[in-house]
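Visitor: To start, I am sharing the structure in question, which I have written as structure tokens.
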Amino acid sequence: MESNIRVKNSPRRILYLYWRLYSQQLKAMMEYSADFYIMIGAAAMTQITGFLFLWVVFSRIPDIQGWGLWEVAFMYAANFVSEGVGSLFFEGTWRMLRLVNMGELDRYLVRPVPIVLQIFCTGIGMNGLGNILIGGSIIAISLSHIDIAWNLQTIVMAVLLFASAMTIRVAINLAANCSAFWIRSSGNAFPIMVHNLGEFAKYPITIFSLGLQLFISIIVPFAFVSFFPAAAMFGKEPWSYWGWFSPLVAAYFVGLALLILRIGLRRYESAGN
């Protein structure tokens, strides 16, 4: 069941529509200011607690397979920042199960607006703001303790790796939540299971078995959210050159997620019988 309406959508129009849809959700969220501050505070405390855990671990050992405290802290924070961006700006992916089971996807399919754009804007996770603020602070502190020769090339590389990491995280969330088209039970745990695999990307993947390394590098590429970008920035051989594949991995997984969404929409039968 797909909309037969076709409208030319320029990048400028896409951004305009996204902001209009997002701003309406934001207005609704701000009606409950207490929830807003509680969610941000909870996310911030989670990150701070995790960082303190790393601090305690590295107070006992000098490094983990050549990775020091601030390098691991960078990976840890990068993972949380990407999660925060996904929650704050693309939380709607986690509403897929409800949209499918309740038939709410119907009204999105008849609008002359890209369906994926509407899905992204069906929710805002304000906890993402806490993840971004604290995670960004930890990244800034980490970089101040790591010797990096900053120049134009390094800055461009960092921006490119950051954008690719955010894109990969959102694409993984979208692809995982599209399982709602096939797993229609009210307690679909598949997206949560995929999301939890990101926990392995908070640390150097070399501490895990080869099978797990390949899984989170190829099948569900969370390693390109934190480990490989960090290796590229810090010159960690032999992993550093893999970070340059991040834009290609991002483009591939976006295409894959959109393909899964299109296939799922063909299976969509609305609600009723």
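The values are calculated or read from the model by the stated rules, or taken from the named source; none is laboratory data. Just so it is clear, the structure is predicted and the values come from calculations on it, not from any experiment. Note that each Cβ is placed from the backbone with ideal geometry, even for glycine, and that neighbours are counted across all protein chains shown. Ligands, DNA and RNA are excluded from the accessible area calculation, which covers all protein heavy atoms including side chains. Shrake-Rupley method; radii C 1.70, N 1.55, O 1.52, S 1.80 Å.
Visitor: Can you give me the angle between helix 246-267 and the longest principal axis of the chain, using Cα atoms only, in degrees from 0 to 90, rounded to the nearest 10?
Guide: Here the helix axis deviates by roughly 30 degrees.
Visitor: Roughly what angle does helix 33-60 make with the longest principal axis of the chain, taking Cα atoms, 0 to 90 degrees, to the nearest 10?
Guide: With rounding to tens, the tilt is 30 degrees.
Visitor: Using 0.36 nm per residue, how much length does the chain from Leu248 to Leu210 gain when fully extended, once their Cα-Cα distance is taken away?
Guide: Length gained between Leu248 and Leu210: 11.4 nm.
Visitor: Another question, if that's okay. List the chymotrypsin sites (Phe, Trp or Tyr not before Pro) in region 76-161 that DSSP assigns to loop (not H, G, I, E or B) and whose Cβ has at most 15 other Cβ atoms within 10 Å. Which are they?
Guide: Trp150
Visitor: Mind putting together the pair-distance distribution for region 36-165? All Cα pairs, 10 Å bins, whole percent per bin, short to long.
Guide: For region 36-165, the pair-distance distribution reads 12, 31, 28, 18, 9, 2.
Visitor: Shifting gears a bit: In µm²/s, what is D for region 31-94 at 4 °C and 1.567 mPa s, where D = kT/(6 pi eta Rh) by Stokes-Einstein and Rh is the Kirkwood radius from Cα pairs?
Guide: Taking Rh from Cα pairs, D becomes 95 µm²/s.
Visitor: Please state, as a whole number in µm²/s, the translational diffusion coefficient that the Stokes-Einstein equation yields for region 143-218 at 20 °C and 1.002 mPa s, with Rh defined as the Kirkwood radius across alpha carbon pairs.
Guide: 141
Visitor: In Å and whole numbers, how far do the C-alpha atoms of region 175-256 stretch along each principal axis, longest first?
Guide: Cα spread of region 175-256 along its principal axes, largest to smallest: 46, 27, 17 Å.
Visitor: With a 1.4 Å probe and every protein chain left in place, work out the accessible area per residue of the chain in Å², rounded to a whole number.
Guide: Heavy-atom SASA per residue in the chain reads 51 Å².
Visitor: Could you give the angle, 0 to 90 degrees to the nearest 10, between helix 152-177's Cα long axis and the longest principal axis of the Cα atoms of the chain?
Guide: Long axis of 152-177 versus the principal axis of the chain: about 50 degrees.
Visitor: To one decimal place, what Kirkwood hydrodynamic radius in Å is obtained for region 80-231 from all pairs of distinct Cα atoms?
Guide: Every distinct Cα pair counted, the radius reaches 17.0 Å.
Visitor: What is the P(r) of the chain, as percent of Cα-Cα pairs per 10 Å bin from 0?
Guide: In order of increasing distance, the bins hold 6, 27, 33, 23, 9, 2, 0 percent.
Visitor: Full extension from Val57 to Ala158: what is 0.36 nm times the residue separation minus their Cα-Cα distance, to one decimal in nm?
Guide: Extra length from Val57 to Ala158 when fully extended: 33.6 nm.
Visitor: By how many nm would the segment from Arg184 to Tyr241 grow when fully extended, if each residue of separation counts as 0.36 nm and the alpha-carbon distance is taken off?
Guide: Length gained, Arg184 through Tyr241: 16.4 nm.
Visitor: Please return the longest stretch of the chain lacking exposed loop sites, where trypsin sites (Lys or Arg not before Pro) count only if DSSP places them in a loop and at most 11 other Cβ atoms lie within 10 Å.
Guide: Longest gap between qualifying sites, sites excluded: 9-273.
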